[in-house]
Amino acid sequence: MRTRLTMVVIVLALLVNPGLAKQFLKLATTTSTYETGLLDHILPPFEKKHNVRVYVISVGTGKAIKLAENGDVDVILVHAKRMEDKFVAEGFGVNRREVMYNDFLIIGPRADPAGICGLKDVQEAMKRIFNTKQRFISRGDDSGTHEIEKHLWVKAKLRPEGEWYLEVGQGMTAVLIIADEKNGYVLIDRATYLVNCNKVRLVKLVEGDKDLLNPYGIIAASPYKHSHVKYELAMTLIGWLTSPECQKLIAAYRKEGGQLFYPSADKPMR
Amino acid sequence: MEYVLDGIKEALRIIATFDREFLQIVSVSLRTAGASTLLATLTGVPFGVLVALKTFPGRRALIMVLNTLMSLPTVVIGLLVYSFLSGHGPLGRLGLLYSVTAMVVGQFILAFPIVAGLTVSAVQGLDGRIHPTLASLGADSHQSLRMFLNEARFGLCGAIVAGFGRVFSEIGVSMMLGGNIKGYTRNITTAMALETSKGEFAMGLALGIILLAVALAINVLFGLLQRKAK
């Protein structure tokens, strides 16, 4: 009986964890850094050097911050400055460092029924979409992109609702695909757009407003709130992402459309 | 149509070349479903046999509860287990959320009522004369339990296969408790959802083919076992 029980335990252990248990770090990040392939480009050298696996959980910024507040992940790479500041101020996160930035675009149907093509003022673009009730696809998931979008609506003193405004609650790439199928307007980060631009028919319409800047920060979960989080390893990862070596890798990561992210560890924008 | 055909072509290429990422995803599915079904079998079968054979107050109600739980939605299990394993929850210190272990726990809860419930039906479906016959032959309780398991083996196999099929094809638990982490907790169903959301048809299709193939293989195996035993 005892030998059988031992067998069962061994089989279970092998099924659950076939490799030798390596040390690992849980990183929650936004869909835009993960789905663009950036992390697959900059994490492997770190994993090799420190003999560690980084488990990437790709969610919106809001969810990533929640996970770190609950001690479910060790470190987060996100993009919503106001939410990040609150997270640090409440003592859940420590050592925020800026890593890189890019910007948001408004893309939409080539026919551009709202007439926003070429506008330099994003508020004017939002107003025209609102006034013409053209279909607009929103992330609707408390992600960093959703935060910026809500902020833009508030700044333009508009309250989007109605049949034209669709909140789909999914990641950036998924929302882009949905927007393409529905032929609507969408606010999107440049990296996700460039990676997928030949998969969709939507075209770039508005860019260049300073309200559309998109800085990414990395923050370790506080070991004072949850003693089990891997603070030192998280700090090592933060050190890597902000190192000149990794910053060069970030700058070198290009897709057919051009450069996706601009390193900014030594010259933070805010 | 070309879009679909290209997808199929690419899917077959992924399968034929043993793409590493693809194999890793399939292995996660097989391992978690295997572990959870094993656990559900070891607990659910004895539990089901006991419930079927013993008489005790509340037995009917218990069977009804088991049958109801057989259709427990995966997202409800995901939510419950999540609340226990998350950092705020009672078991948060274990750091188990978003791990293969968490997936196995959730899938076990999914499979247990199915294995136990179908075991009850399998044993109840046996000839009613077995019990007195065994008793008159002087079998002790251990021996008669073995006889019951032997007599009900097709039903029991069916119960286990049904449990495996359910956890192998579920997505709610895997997504909520595993978190779809590449190279770690990403399994067939969560990968398919992700690939579709990214508008990548081929990988999703390749995984779908494997999902169906495994289901088919298990049923063929089950059929063969049944025929051989007859």
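At a 10 Å Cβ-Cβ cut-off, how would you order A:I238, B:I130, fewest neighbours first?
B:I130, A:I238
If we count other beta carbons within 10 Å of each Cβ, what is the order of A:M172, B:M203, fewest first?
So the ranking, lowest neighbour count to highest, is B:M203, A:M172.
Would you mind listing how long the range B:1-65 runs along its three principal axes, going by Cα atoms, in whole Å with the largest first?
Principal extents (largest minus smallest coordinate, Cα): 62, 27, 13 Å.
Hey, got the dipole for chain B? About the Cα centre, +1 on K and R Cβ, -1 on D and E Cβ, debye to the nearest 20?
640
Please compute the alpha carbon radius of gyration of chain A, then divide it by the globular-protein estimate 2.2 N^0.38 Å. Two decimals is fine.
1.12
Under the definition of Cα pairs under 8 Å and six or more residues apart, what whole-number percent is the relative contact order of the range B:2-229?
Relative contact order comes out at 32 percent.
For a footprinting-style exposure proxy, rank B:F154, B:F18 by other Cβ within 10 Å, fewest first.
Least crowded to most crowded, the residues run B:F18, B:F154.
Treating the range A:103-212 as a set of equal point scatterers at the Cα positions, no solvent, please give the Debye-formula log₁₀ I(q)/I(0) at q = 0.20 Å⁻¹.
The Debye formula, applied to the Cα set alone, gives -1.03.
State the answer as a single residue: which of B:V105, B:M64, A:L67 lies farthest towards the positive end of the charge dipole of the protein assembly as shown, with beta carbon charges of +1 for Lys and Arg and -1 for Asp and Glu, about the Cα centre.
The residue sitting farthest along the positive end of the dipole is B:M64.
Take the Cα coordinates of the protein assembly as shown, assign each an equal point scatterer, and use the Debye formula without solvent to give log10 I(q)/I(0) at q = 0.07, 0.10, 0.12 Å⁻¹.
-0.47, -0.86, -1.13
Going through the DSSP H helices of chain A, which span 20 Å or more along their own axis at the Cα atoms while scoring at least 0.5 as a mean Kyte-Doolittle hydropathy?
The qualifying helices are A:2-16.
Taking amide hydrogens as modeled 1.01 Å from N in the peptide plane, which residues meet the under 5 Å criterion relative to A:L205, leaving out close sequence neighbours?
Close amide H contacts, sequence-distant or interchain: A:I106, A:I107, A:G108.
Average projected area of the Cα convex hull of the range B:1-112, in nm²?
For the Cα atoms of the range B:1-112, the hull's average projected area reads 11.2 nm².
Mark the label point 7 Å from the Cα of B:I130 along Cα→Cβ and return the residues of the range B:147-166 whose backbone N is within less than 12 Å of it.
B:147-157
Would you mind listing how long chain B runs along its three principal axes, going by Cα atoms, in whole Å with the largest first?
Largest first, chain B extends 68, 49, 26 Å along its Cα principal axes.
Could you grab the Rg to Rh ratio for the range B:111-230? Cα atoms only, Kirkwood for Rh.
Using only Cα positions, Rg/Rh for the range B:111-230 is 1.17.
Counting helices only, and only those DSSP H runs with n ≥ 4, report the 222 nm mean residue ellipticity of chain B as the sum of -39,500 (n - 2.57) divided by its residues, in deg cm²/dmol to the nearest 500.
Value at 222 nm, helices only: -25000 deg cm²/dmol.
Would you mind calculating the gained length between B:L79 and B:H142 on full extension (0.36 nm times residue separation, minus the Cα-Cα distance), in nm to one decimal?
Length difference between fully extended and current span is 18.7 nm.
Once you've got the Cα coordinates, tell me which of A:K26/A:K48; A:K22/A:K267; A:K225/A:K248; A:K22/A:K66; A:K63/A:K255; A:K120/A:K248 are over 24 Å apart.
Distance filter (> 24 Å) returns A:K22/A:K267; A:K225/A:K248; A:K22/A:K66; A:K63/A:K255; A:K120/A:K248.
Using a Förster radius of 22 Å, what is the FRET efficiency between A:E161 and A:E181 based on their Cβ-Cβ separation? Nearest 0.05, please.
Efficiency at R0 = 22 Å is approximately 0.50.
So, in nm, how far is label B:L42 from label A:Y224 when the simple model puts each one 7 Å beyond its Cα toward the Cβ?
Rounded to a tenth, the inter-label distance reads 4.4 nm.
What's the whole-number percent of alpha carbon pairs in the range A:121-174 lying beyond 16 angstrom?
That tail contains 38 percent of the Cα-Cα pairs.
Where does the charge balance sit around A:R201 when Lys and Arg score +1, Asp and Glu -1, over other residues with C-beta under 15 Å from its C-beta?
Summing Lys/Arg as +1 and Asp/Glu as -1 gives +2.
Every number here is computed from the coordinates shown, using simple stated rules; none is lab data. Quantities reported herein were computed from a predicted structural model and do not represent experimental measurements. Positions of Cβ are backbone-derived with ideal geometry, glycine not excepted, and every protein chain shown enters the neighbour counts.
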